[in-house]
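Each remark here refers to the structure printed beneath this line.
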Amino acid sequence: MRKCVKIGTGVIAAAIVIAVGSIVAFTTKNPSIGVFLCSPCYGFKQTASNFYVERETPEEKIISFKEALDNATVQVKDVFGGIKAPTPKIFVCATKYCAKRIGMNPNGEKASVILAGRMMRVAPGGQSNTILSHELTHAELHHRVGISIMAQGLIPAWFDEGVAVAVSQDSRYLTLSKNGALHCLLEPGQNLPSDRDEWNKRAADGEHDLYARAACRVIRDLGVEDQPPRVLGDKLLRSLVNITSGQSLQMP
Ligand SMILES: [Zn+2]
């Protein structure tokens with residue numbers, strides 16, 4: 001009987017070692033999931049619900065980031081008529097070392113929403129109202145159309161990015177009037193990528209005019225060029241209704 005217990009204990013111990021080893025190997029390969037599951041393991045401290053900052057981040061930086069996040073949230077809320085997406089866990093890095101450690105490319109990537117909108121990672125260069133509202137727009141748009149439509153690739157990358165540029169009123173890629181009306185900076189041209197991987201590759205290769213061209217195509221297709229921001233919200237929501245009712249992307 002005692003031998004049986006010993007063998008049983010040994011098997012359980014071996015299973016635990018294998019399981020822990022597998023988790024460590026998986027999170028080492030996928031650090032964004034690692035930090036999602038264990039934020040202190042990656043040098044973060046939690047300062048509010050769903051809000052994590054790199055340890056040693058000065059208090060004034062945390063306050064200014066939260067202000068930018070609040071403003072960005074209001075901006076997205078105004079266009080979509082409210083926020084329906086669940087609040088993501090937000091991880092804010094004060095250093096490039098931290099951003100790299102959680103799987104970002106700190107030389108190009110400023111912020112990203114991943115894990116179906118459940119997580120937002122922010123690098124040192126991404127702590128602005130414009131960048132944050134861009135990412136929150138992705139999260140809201142993806143949630144509104146649903147995981148199935150996103151997984152089927154029915155939202156072209158150019159539409160996803162163009163909407164995020166328009167909602168965030170990004171003056172790097174659109175011209176803004178004093179009343180907030182949006183105007184094209186570049187013509188849309190041809191060959192805007194629909195495929196997300198192609199978009200990411202071309203953007204990473206330095207094709208930054210993609211964002212300006214995509215934004216122009218979106219505001220023209222939605223018919224909101226030269227219109228105030230509230231018109232963008234109305235037209236955008238109508239186009240999302242078209243998509244979720246089973247039609248391919250059709251502009252109102
Ligand atoms: Zn984007």
(message) Can you report the principal axis dimensions of the chain using only the alpha carbons, biggest first, rounded to whole angstrom?
(response) 81, 45, 35
(message) Sort Ile219, Ile243 by Cβ crowding within 10 Å, fewest neighbours at the top.
(response) Ile243, Ile219
(request) Return the distance in nm (one decimal) between the two label points of a simple spin-label model at Ala151 and Thr244, each offset 7 Å from Cα along Cα→Cβ. (result) 1.8 nm
(message) Could you give the length gained by full extension between Asp195 and Ala116, i.e. 0.36 nm per residue of separation minus their alpha carbon distance, to one decimal place?
(response) 26.7 nm
(request) Could you give the spread of the C-alpha atoms of segment 146-252 along their three principal axes, from largest to smallest, in whole angstroms? (result) 39, 34, 21
(request) Please give the peptides 56-68, 93-105 ranked by average Cβ packing (other Cβ atoms within 10 Å per residue), highest first, as a rough proxy for protection. (result) 93-105, 56-68
(message) What's the magnitude of the charge dipole for the chain around its Cα centre, counting Lys and Arg as +1 and Asp and Glu as -1 at the beta-carbon? Answer in Debye, nearest 20.
(response) 1280 debye
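If R₀ is 25 angstrom, what is the calculated FRET efficiency for the pair Lys84 and Cys41, using the beta carbon separation as r and rounding to 0.05?
0.20
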(request) Place the peptides 71-83, 126-138 in order of packing, highest mean first, counting for every residue the other Cβ atoms within 10 Å and averaging per peptide. (result) 126-138, 71-83
(request) Could you tell me which of the pairs Lys61/Lys96; Lys45/Lys110; Lys45/Lys66; Lys77/Lys110 are separated by over 18 angstrom between their Cα atoms in the structure shown? (result) Lys45/Lys110; Lys77/Lys110
(request) Per DSSP H run of n ≥ 4, the term is -39500 (n - 2.57); total these for the chain, divide by its residue number, and report the mean residue ellipticity at 222 nm rounded to 500 deg cm²/dmol. (result) -17000 deg cm²/dmol
(request) Among Leu192, Ile155, Tyr173, pick out the residue whose Cα is farthest towards the positive end of the charge dipole of segment 114-203, where Lys and Arg carry +1 and Asp and Glu carry -1 on C-beta, about the Cα centre. (result) Tyr173
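Quick note: the coordinates plus some simple rules give every number you see, no bench work behind them. Since this is a predicted model, take the numbers as computed values, not measurements. Please note: Cβ atoms are built from the backbone with ideal geometry, for glycine as well, and neighbour counts cover all protein chains shown.
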